[in-house]
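Heads up: the structure comes next, in structure tokens.
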Amino acid sequence: MTQLVDKADRKTAWEFLQHMLEAVPYKVHTILTDNGIPFAEQPRNRKSIYSRPMRFDMICEANGIEHRLTKPNHPWTNGHVEPMNRTIKDATVKRFHYEAHDQLRTHLGDFMGAYNFARRLKTLGGLTPYEYICKIWTSEPDRFILNPIHQMPGLKIYASHPSPSRQKLSR
């Protein structure tokens, strides 16, 4: 899931987290973030009288999510997210010039839709990310909140329930 924001601050971080939790069909058990201000209290304040509850952490706690922070000055702990960031940049800002953020926002949404629902990945056994999630759902439904099959984009056509107008035509 991606989101293009004008300003990366605490509010956009917790709003994104809430939106993500509403959008994904599976249970999130762990979130790994860097030590940036949107996600964490500054190190000098973390266990002092000046520390205050972070809304991001409160949302994690309310949803049973462990919030882990990367180790400072250890960029390799971000190794899982960096290849995807590179893939997104290569397909968007490194390839195209955008007149406005709205153009980039639209292209980013289109790219992520194509990536999640059409791009087959070797690491997922030749499945798309969406197909992989559906495969896991069939074998481990307890890991999910919703049936991911209902989240397929596109027309919602139900052949088993013909419309009344179709029934009239078939008589």
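Structure data summary
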| read-out | value |
| --- | --- |
| Subset of LYS27/LYS71; LYS7/LYS135; LYS11/LYS122 violating a 30 Å alpha-carbon distance limit | LYS7/LYS135; LYS11/LYS122 |
| Viscosity 1.002 mPa s, 20 °C: Kirkwood-radius Stokes-Einstein D of region 1-80 over Cα pairs, µm²/s | 157 µm²/s |
| Value of relative contact order over the chain, rounded to a whole percent, pairs C-alpha under 8 Å and six or more apart | 21 percent |
| Only Lys, Arg (+1) and Asp, Glu (-1) charged, at Cβ; the chain dipole about Cα centre in debye | 300 debye |
| Convex hull (Cα only) mean projected area of region 40-127, reported in nm² to one decimal | 9.3 nm² |
| Calculated FRET efficiency for the pair MET58/ARG95, C-beta based, R₀ 45 Å, to 0.05 | 0.70 |
| Potential lengthening between GLU15 and GLN42 on full extension [0.36 nm per residue; Cα-Cα distance subtracted] | 7.7 nm |
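Only the coordinates and a few stated rules stand behind these numbers; no lab work does. These numbers come from a predicted model, not from an experiment. Neighbour counts run over all protein chains shown; Cβ positions are idealised from the backbone, glycine included.
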